[in-house]
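A.B. asks: Shown below is the structure under consideration.
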Amino acid sequence: IGSGMSFHNMPGYGDANFTAPSQVFDHWLTETISAAPEQRLYGLKHWAQAPHALNCHPLGKEEHLLPLMVVAGAAGKDKGEKVYSQQVLKTQLSAFQFG
């Protein structure tokens, strides 16, 4: 079990300027988590280069994304999938499950 958030940029909550960037990053994250394990590992390793990644998780403040990486690593070859997604305070938030 891991906890965290697919978006965690405190100044962005409630700001409509972060809606589209959070949706784009959320789409990338969903595709990455759903990919084959080797692709998933590569994507998560290079997460900061994903579209709008640093708008959603500023460098040095990615502590809410890191639990997903730990769970993804522990999942091994298990399939990842999005199990929850909702717009909260004008930002897209999602949760993922493996197995």
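A.B. asks: Compare Trp28, Trp47 by solvent-accessible area with a 1.4 Å probe and give them largest first, with all protein chains kept in place.
C.D. replies: Result of the area sort, largest leading: Trp28, Trp47.
A.B. asks: Which whole-Hz ³J(HN,Hα) couplings does segment 51-56 yield from phi under the Karplus relation 6.51 cos²θ - 1.76 cosθ + 1.60, θ = phi - 60°, glycine and proline marked x?
C.D. replies: Result, ordered by residue: x, 6, 4, 6, 6, 8 Hz.
A.B. asks: Could you tell me the relative contact order of the chain? Use alpha-carbon pairs under 8 Å, at least six residues apart, and round to a whole percent.
C.D. replies: Dividing the mean separation by the residue count of the chain yields 44 percent.
A.B. asks: How big is the Kirkwood radius of segment 48-93, worked out from every pair of different alpha carbons and given in Å to one decimal?
C.D. replies: Result for segment 48-93 stands at 12.4 Å.
A.B. asks: Further, regarding this structure: By how many degrees, 0 to 90 and rounded to 10, does the Cα axis of helix 19-34 deviate from the longest principal axis of the chain?
C.D. replies: So the helix axis and the longest Cα principal axis differ by about 0 degrees.
A.B. asks: Ok, one more. Can you give the local net charge around Ser22? Use residues other than it whose beta-carbon is closer than 12 angstrom to its beta-carbon, Lys and Arg +1, Asp and Glu -1.
C.D. replies: Once positives and negatives cancel, what remains is -1.
A.B. asks: Same structure, new question: Express in whole angstrom the spacing between the alpha-carbon centres of segment 21-46 and segment 66-91.
C.D. replies: Their Cα centres are 9 Å away from one another.
A.B. asks: Cβ under 12 Å from Arg40's Cβ, Arg40 left aside: what net charge do those residues give with Lys, Arg +1 and Asp, Glu -1?
C.D. replies: -1
A.B. asks: While we're on this one: Hey, rough spin-label estimate for Gln49 and Asp15, points 7 angstrom out along Cα→Cβ, what's it come to in nanometres?
C.D. replies: Between Gln49 and Asp15, the label points sit 2.7 nm apart.
A.B. asks: Which angle from 0 to 90°, rounded to the nearest 10, does the C-alpha axis of helix 66-75 make with the longest principal axis of the chain?
C.D. replies: Tilt of helix 66-75: around 20 degrees.
A.B. asks: Hey, another quick one. When N counts the residues of the chain, how does its alpha-carbon radius of gyration compare numerically with 2.2 N^0.38 Å, as a ratio?
C.D. replies: It is 0.99.
The values are calculated or read from the model by the stated rules, or taken from the named source; none is laboratory data. Remember, predicted model here, so these are calculated numbers, not experimental data. Note that we place each Cβ from the backbone using ideal geometry, even for glycine, and neighbour counts take in every protein chain shown. Heavy atoms of the whole protein, side chains included, go into the accessibility calculation; ligands, DNA and RNA do not. Shrake-Rupley method; radii C 1.70, N 1.55, O 1.52, S 1.80 Å.
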